[in-house]
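For reference, the structure is listed below as structure tokens.
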Amino acid sequence: MKIEANLKVIEDRIQSACAVCGREREDVKLIAVSKTKPVEMLKEAYRCGCRDFGENKVQELVDKYDKLPGDVRWHMIGHLQRNKVKYLVGKVYLIHSVDSLRLAEEISKEAVKKGVCVSVLVEVNAADEAGKFGTTVENAVSLVEEISRLPNILIRGLMTVAPYVENPEENRLYFAMLRQIAVDIIHKNIDNVCMKELSMGMTGDYETAITEGATYIRIGTGIFGERDYTSV
Ligand SMILES: *Cc1c(COP(=O)(O)O)cnc(C)c1O
């Protein structure tokens, strides 16, 4: 399998991007986005050192959860329906895709019930793309304020899915925008809110995202190869 070689290429590029902007390598965490990929491939990535895995479907995450070692950190990066929240709480390390108060309320309720605290990111539709999830840039700060008042849920930062582009430089302004929203929120000093994490950058644009401050990059294709949806 090419996974080991792919990871080496990505690691080199992460290090170069960090060097370009004077950031520490350990401040950028790589999430292996394993959606649609078989467990054997995740195990291979695990053997190569990956501990953070991202999935976009609850059922798939839960199925894979039991098949990988217990020190894996599972990231929910896809749109989340309220009726599925109960399957995730207690298993997921970080939910990247919280984009409404109603969803946050459901997570909070389930977290209280299970006696745990759930870490989340608020997803922002920075490019204001039609048909994409995420709160608007205008509503991001007030949504963070509202969620911050709920028990057993901790906001750790923001997430965005930038447009699909050929030239990653075209997404730089959206990454900068996400960072600026985080700065605005930090200045508000809201209890229960920390803005340490910026989840942004995928296979096509992660180096640009790193130079704009990404702390989590989410890479699927670059590690596991193209996804095949025809058999799903
Ligand atoms: C699939 C997916 C990724 C990874 O995309 P690649 O282009 O394959 O790296 C990252 N983030 C989210 C939210 C995704 O759904």
**Fill in**
Amide H neighbours of residue 52 at under 5 Å, excluding residues fewer than 5 places away on the same chain, with H built from the backbone geometry, are 32, 73
**Item:** Accessible area expressed per residue, the chain, with surrounding protein chains retained (probe 1.4 Å, Å²)
**Value:** 49 Å²
**Fill in**
Protection proxy (average C-beta count within 10 Å per residue), highest first, orders 48-58, 202-212 as 202-212, 48-58
**Asked** Share of the stretch 180-232's accessible area from carbon and sulfur, percent, 1.4 Å?
**Response** 49 percent
**Prompt:** Of the heavy-atom accessible surface of the stretch 1-133 (probe 1.4 angstrom), what whole percent is carbon and sulfur?
**Reply:** 48 percent
**Message:** I need the Kirkwood Rh of the stretch 2-224: take the reciprocal of the average 1/r across all distinct C-alpha pairs and report it in angstrom.
**Reply:** 17.6 Å
**Request:** Could you run the Debye sum over the Cα atoms of the stretch 1-67, one equal point scatterer each and no solvent, and tell me log10 of I(q)/I(0) at q = 0.16 Å⁻¹, two decimals?
**Result:** -0.61
**Cα-derived Rg over Rh, computed across the stretch 144-232 with Rh taken as Kirkwood radius** = 1.07
**Asked** Quick one: Cα centre-to-centre distance for the stretch 51-84 and the stretch 184-232, in angstrom?
**Response** 16 Å
**Within the chain: Cβ-based charge dipole about Cα centre, in debye rounded to nearest 20 (Lys, Arg +1; Asp, Glu -1)** = 880 debye
**Complete:** Using a 1.4 Å probe on heavy atoms of the protein chains only, the accessible area for residue 93 in Å², nearest 10, reads 110 Å²
**Message:** Largest first, please: the extent of the C-alpha atoms of the stretch 62-161 along each principal axis, to the nearest Å.
**Reply:** 39, 26, 22
**Item:** Area of residue 136 that stays accessible when all protein chains are in place (1.4 Å probe, Å², to 10)
**Value:** 50 Å²
**Asked** Once the convex hull of the C-alpha atoms of the stretch 116-157 is built, how many Å³ does it hold per residue, rounded to a whole number?
**Response** 65 Å³
**Farthest toward positive dipole pole in the stretch 2-224 [+1 Lys/Arg, -1 Asp/Glu at C-beta], among 112, 133, 46** = 112
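The values are calculated or read from the model by the stated rules, or taken from the named source; none is laboratory data. Since this is a predicted model, take the numbers as computed values, not measurements. Here Cβ is always computed from backbone atoms with ideal geometry, including for glycine, and neighbour counts include all displayed protein chains. The area values use the complete protein model at the heavy-atom level, side chains included, leaving out ligands, DNA and RNA. Shrake-Rupley method; radii C 1.70, N 1.55, O 1.52, S 1.80 Å.
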